[in-house]
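Input: a single structure, listed below in structure tokens.
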Protein chains: 2
Amino acid sequence: MDKILRIDVGAAGGPKMTETSMGDYAGLGGRALTSTVIAAEVPPCCHPLGADNKLVIAPGMLSGTKAAMSGRISVGCKSPLTGGIKEANSGGQGAQVLARLGYAAIILEGAPVDDTLYKVFINKDGAKVIADNSLKMLGNYDTVDKLTAEYGDKVACITIGPAGEMKLPAATIAFTDMETRPTRHAGRGGVGAVMGSKGIKAIVLDDAGMKMREASDPEKFSAANKAWVAGLKKHPVTGEGLGAYGTNVLTNVINESGGYPTHNFKTGQFDGAADISGESLAELENTRGGEGSATHGCHRGCVIRCSGTFYDADGNYVTKQPEYETVWAHGGNCGINDLDVIARLDRMDDDFGLDTIEMGAAIGVAMEAGVAEFGDGEAAINLLAEVGKGTPMGRILGSGAAAVGKAYGVEHVPVVKGQAMPAYDPRAIQGIGVTYATTTMGADHTAGYAIATNILGVGGNVDPLKPEGQAELSRNLQIATAAIDSTGMCLFIAFAILDQPDTFQALIDLLNSFSGASLTADDVTALGQKVLTTEREFNAAAGFTKADDRLPEYMKKEPLAPHNVVFEVPDEELDQVFNW
Amino acid sequence: MDKILRIDVGAAGGPKMTETSMGDYAGLGGRALTSTVIAAEVPPCCHPLGADNKLVIAPGMLSGTKAAMSGRISVGCKSPLTGGIKEANSGGQGAQVLARLGYAAIILEGAPVDDTLYKVFINKDGAKVIADNSLKMLGNYDTVDKLTAEYGDKVACITIGPAGEMKLPAATIAFTDMETRPTRHAGRGGVGAVMGSKGIKAIVLDDAGMKMREASDPEKFSAANKAWVAGLKKHPVTGEGLGAYGTNVLTNVINESGGYPTHNFKTGQFDGAADISGESLAELENTRGGEGSATHGCHRGCVIRCSGTFYDADGNYVTKQPEYETVWAHGGNCGINDLDVIARLDRMDDDFGLDTIEMGAAIGVAMEAGVAEFGDGEAAINLLAEVGKGTPMGRILGSGAAAVGKAYGVEHVPVVKGQAMPAYDPRAIQGIGVTYATTTMGADHTAGYAIATNILGVGGNVDPLKPEGQAELSRNLQIATAAIDSTGMCLFIAFAILDQPDTFQALIDLLNSFSGASLTADDVTALGQKVLTTEREFNAAAGFTKADDRLPEYMKKEPLAPHNVVFEVPDEELDQVFNW
């Protein structure tokens, strides 16, 4: 993982590839690499779909090694949704396979000279770019079917669906999972539109003949990994909670807390929550003879295994087990309490290549505008189908929740920096509100998952209904997250390392024994801070100010039932989140 | 004109009116008043369609007097299109009549408690607010017909069409002209959406029994007005040019200069320009037995008389003589060279209550996206019809050019601060590019009309193709404009006062003899600077930075034919425009 593949899609005669060493980027991976490259090479005021934007796809520092949980891959660019810097990351097989092929990053740059669609194929012999207009406007599932028919089913695919080709601001980049299905997505901020703007439909990775990346001190590395896995298995969330019901275990928990955004963030509890909870989902999956939960990771080397598979009543595969945020977005947020409808919407999102959070939020705003009734699952399916077809309604929805609000004159639009809020109301869980408001990414729970400490009692306890301590909590979580997102580690490891100092040490030992460095906990903090500073500077140059680090005004004024709370963290504290 | 009428539309039991004195706002009018009120009373980060935004409608300082050309009225708010402060101004009868009724401003505030639609009626006996759901979703023409049937045809009406009720970001507020037709609009920035968000469909003004406003020194005022009118008649632009062919006299002039944006700002000359020029328009109007040009002002007291009336081939009234920017927006920008199509589109815009510039630009971007062919007038009519109906396509277009670009993944979107550029390409006329980039309003030619000096030789000469001297020119014009927009004077007077010191002095004499003040030319400059500073501060607090004071990147890179020039004014000079 010591080289970078650059593809200039604007070269005369078709895309031109260049392989370079890491140069100034040596030692970086994942988010640290994507954000550093974007900040260094992309003019902050450029058009996100123009020649000057770049798309950087980078496995984490430990991806491709035998370290457990190291299968996350980062995608960076200037976001078509927010206008700021973006790192969206994904599970699936891409990180491990790309890393084993020796690439620290693939960078797509330039602007296509015509509308030819290309695919990239990389194996042990190198990389090729091949024109393939037969893939045009195919869904991710059909695209992957065609690619595996051609390249075999052992490959890992990185693809965009029609949404990416249409350059919709809610378009994702799909990464195939262990079953070579396009179920894992770099979901947020429209990264798929940037890939679409480069005219690249698919990147196919075949690591046959390649080996796991070798640690500089293999014995220490093995020992550290053993401690690491033991630590993850020991913690109640990573060892049991997530495995038992998947991320959707949160539906009942968050609903109980009163922070479950319902009917476009109108209230904090959904009376249909039990119908779509992780418990109900597992029961349904088991009834239908599926694998249920607790059985399934999204990439090789996962020991948390939070995923599963969703089958319909006839036992046919529909989609992977929908994540909590997806169940919320298409469920409670739209008043829908039917898991079959939600799974269908999840499948459509995955196939079109759309962010489930943004789409659920967009449909929620459309429902508030009267385009459909809250709770009408059939209407939601029809609306999402329009996005796949690129009808005018589909274009509005695919432009995201903020665009729907603008087109329909809706005041209640739950976005920050133009990106929709996920499945936690910031009034009833104020810590996540600080993260939504201040992260460089636009509203994003994964940027500093204050739910851990506000609700789950991980990493301490902070009263979710009160502003006290939230800014400091979010600051620390955002720093830790930026570092974790650089390692290639799944963010769920945070539960264990927040609570168990020896597990955090095992992670540091993994990093050091792999690279030969001698990082301390302080160095990890410094890495996270450096990433955040780089991103903040890009955003400032792109025109972001503290006015962008705010929740929508209505959340400071309109109380959320059942606790009847408003967001109360003072602006002055929000402005201190990055002051360390 | 010593009182303010405030209407709190959110009061329990329906809108509640309060009349107050001018208080701290004493002496202000027009843009100086609207921008001061917005800056003082509206939180910069509020939602433009929410309870905290206000709509301020204010005649100019000299409106309602016998001073010639004093019939402009300013509308201020936080803009739903740009997110910044907005002053959109209009001709028509509103300014004179409202001023004679004694009101310096009407301020709509709060948020409606339900969806009842209201009209406001003001005459010598005071103001009333009346629920009238029979007006719902009527076009401006039908609305005015209903209102004149009820209140007589001597009234002045201020109304919104369906676009305003739908809260579309391109919605205008219409002001009736001397024939009580809704042909004059506060067009830019979505002010109509803010009026719609307040649930007010119409304001009807009847000044029967009211007198002209009296000057403090009537004799001096009369003498000053005589010199004023003489000065306007003496200048070739205000005395002849505008009267002969209306504003559309510019089509041939700008096309000849190579700065006529054609096919969504793709090239700088349109081969159909002659077909839609002011000369062709006058000929067509005369052929059809209309009044032609040179016959028509938009308000009482106009001596420039740049307007006319457009009739169809059967002699039926269609619309007022379309302005140059409208002819360009729906004409050359969309490749359409048919005046009947353009007039029909103008009529539809006026009826739905839409900004002709924003709609032409939006349709141009949609054409670039392949939604329709450039030059297809029928398609343009059908697209605009969708806006009136509020279909999804109509919602996209009515959200403005930037929204169309986002929904269709188009890079070439000619906007600044989210507002579409008007009829002058900033590459071939670099002075107007400085104004587009830096004005507080989003791209707006009227904020500092550098065409005067770059092309028309008014106020000196600056090479339009060169960056030199453009920042200073735009600065001076923006300052002067902010002051003129506060007086209630039509901006076209600027041609005369830029070239003729005695005419500028006549304007100062008008102001002084009316109010009893003793302003100098420096005081006028100071007023303009103060207005701009107030607006800049609001925008900064709303999150605007110098990154927002930029043209789209492509205009710095892609040369415009026939001169093959890019926009070359350095960023550093743009950042000095407000440094005086």
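Listing for the model above:
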quantity	calculated
Residue in region B:481-492 that is of a type in the set (S, T, N, Q), more than 14 Å from every other protein chain (Cβ to nearest Cβ) and under 16 Å from B:A450 (Cα atoms) present	yes
Enumeration of residues in region B:16-44 that are surrounded by fewer than 19 Cβ atoms within 10 Å (Cβ to Cβ) and either in a loop (DSSP other than H, G, I, E, B) or not assigned by TED's automatic domain parsing to the domain that holds B:V129 (or both)	B:M22, B:A26, B:G27, B:P43
Answer residue from region B:536-545, given it is outside any helix (DSSP H, G or I) and under 15 Å from B:V416 (Cα atoms) and is nearest to the other protein chains (Cβ to nearest Cβ) among those	B:G543
Residues (assigned to a strand (DSSP E or B) and over 9 Å from B:S35 (Cα atoms)) located in region B:76-95	B:K78, B:A88, B:N89, B:S90
Count of residues meeting criterion [facing chain B (nearest Cβ under 8 Å) and hydrophobic (A, V, I, L, M, F, W, C)] in region A:395-409	3
Any strands (runs of 3 or more DSSP E) falling wholly within region B:117-233 and containing at least 3 residues that are among the small types (G, A, S) and either within 30 Å of B:G516 (Cβ to Cβ) or away from chain A (no Cβ under 14 Å) (or both)	B:126-131
Criterion (of a type in the set (A, V, I, L, M), surrounded by fewer than 18 Cβ atoms within 10 Å (Cβ to Cβ) and assigned by TED's automatic domain parsing to the domain that holds B:G14) met by exactly one of B:I130, B:I122, B:I160, B:I107	B:I130
Filter result for the condition that a residue is within 14 Å of another protein chain (Cβ to nearest Cβ) and either surrounded by fewer than 24 Cβ atoms within 10 Å (Cβ to Cβ) or in contact (Cβ under 8 Å) with a residue 24 or more places away in the chain (or both), over A:N89, A:N53	A:N53
Among the candidates B:Y408, B:Y424, B:Y436, residue that is in contact with a strand residue (DSSP E or B) (Cβ under 6 Å, 6 or more places away or on another chain) and among the aromatic types (F, W, Y)	B:Y436
Output for region A:410-443, where each listed residue is more than 14 Å from chain B (Cβ to nearest Cβ), of a type in the set (G, A, S) and in a helix (DSSP H, G or I)	A:G431, A:G433
Residue satisfying condition, being in contact with a helix residue (DSSP H, G or I) (Cβ under 9 Å, 6 or more places away or on another chain) and closer than 21 Å to A:R188 by Cα, within set A:E411, A:E386	A:E386
Boolean, A:A517 is touching a helix residue (DSSP H, G or I) at 6+ places or on another chain (Cβ under 9 Å) and either of a type in the set (F, W, Y) or surrounded by 22 or more Cβ atoms within 10 Å (Cβ to Cβ) (or both)	no
The lone exception for A:E165 - which of (1) of a type in the set (D, E, K, R); (2) crowded, with 22+ Cβ neighbours inside 10 Å; (3) within 20 Å of A:L101 (Cα to Cα) it fails	(3)
Output for region A:149-184, where each listed residue is touching a residue at least 12 places away in the same chain (Cβ under 8 Å) and of a type in the set (A, V, I, L, M)	A:V155, A:A156, A:I158, A:I160, A:A163, A:M166, A:L168, A:A170, A:A171, A:I173, A:A174, A:M178
Residue satisfying condition, being over 22 Å from A:T34 (Cα atoms) and not assigned by TED's automatic domain parsing to the domain that holds A:T34, within set A:A443, A:A521, A:A541	A:A521
Leading residue by the ranking (surrounded by the fewest Cβ atoms within 10 Å (Cβ to Cβ)) among those in region A:557-576 that are within 14 Å of chain B (Cβ to nearest Cβ) and farther than 22 Å from A:L477 by Cβ	A:K557
Only listed residue being within 21 Å of B:D444 (Cβ to Cβ), in contact with a Leu (Cβ under 8 Å, 6 or more places away or on another chain) and either surrounded by fewer than 21 Cβ atoms within 10 Å (Cβ to Cβ) or polar (S, T, N, Q) (or both), chosen from B:T251, B:T262, B:T356, B:T267	B:T356
Residue selected from region A:546-556 under the condition within 15 Å of A:E572 (Cβ to Cβ) and without any contact (Cβ under 8 Å) to a residue 40 or more places away in the chain, by the criterion farthest from the other protein chains (Cβ to nearest Cβ)	A:K556
Complete set of residues in region B:367-383 that are farther than 22 Å from B:A443 by Cα and either within 13 Å of chain A (Cβ to nearest Cβ) or of a type in the set (A, V, I, L, M, F, W, C) (or both)	B:G370, B:V371, B:A372, B:F374, B:A379, B:A380, B:I381, B:N382, B:L383
Flag for B:G433 being touching a residue at least 40 places away in the same chain (Cβ under 8 Å), buried (at least 24 other Cβ atoms within 10 Å of the Cβ), at positive phi and among the small types (G, A, S)	no
Scope region A:502-551; condition among the β-branched types (V, I, T) and more than 23 Å from the chain's Cα centre (by Cα); matching residues	A:T503, A:I508, A:T520, A:T545
Yes/no for B:E368 being in contact (Cβ under 8 Å) with a residue 60 or more places away in the chain, among the acidic types (D, E) and out of contact with any Gly (no Cβ under 6 Å at 6 or more places or on another chain)	yes
Residue within region B:347-368 that is under 17 Å from A:P392 (Cα atoms), part of a loop (DSSP other than H, G, I, E, B) and over 20 Å from the mean Cα position of the chain (by Cα) present	no
Check on B:I304, in contact with a helix residue (DSSP H, G or I) (Cβ under 8 Å, 6 or more places away or on another chain), part of a loop (DSSP other than H, G, I, E, B) and more than 14 Å from chain A (Cβ to nearest Cβ)	yes
Residues of region B:395-412 classified as touching a Phe, Trp or Tyr at 6+ places or on another chain (Cβ under 9 Å) and surrounded by fewer than 24 Cβ atoms within 10 Å (Cβ to Cβ), total	2
Evaluation of B:N123 against (1) over 18 Å from the mean Cα position of the chain (by Cα); (2) of a type in the set (S, T, N, Q); (3) over 21 Å from B:E19 (Cβ atoms) (one fails), failing number	(3)
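Conditions tested, residue by residue: (1) farther than 21 Å from B:V144 by Cα; (2) touching a helix residue (DSSP H, G or I) at 6+ places or on another chain (Cβ under 6 Å).
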{"residue": "B:G315", "(1), (2)": "yes, no"}
{"residue": "B:M348", "(1), (2)": "no, yes"}
{"residue": "B:D351", "(1), (2)": "no, yes"}
{"residue": "B:A361", "(1), (2)": "yes, yes"}
{"residue": "B:A380", "(1), (2)": "yes, yes"}
{"residue": "B:G394", "(1), (2)": "yes, yes"}
{"residue": "B:A402", "(1), (2)": "yes, no"}
{"residue": "B:G405", "(1), (2)": "yes, yes"}
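The values are calculated or read from the model by the stated rules, or taken from the named source; none is laboratory data. The shown structure was predicted, so the numbers you read here are calculated from the model rather than taken from an experiment. Positions of Cβ are generated from backbone atoms using ideal geometry, with glycine treated the same way; all protein chains shown enter the neighbour counts.
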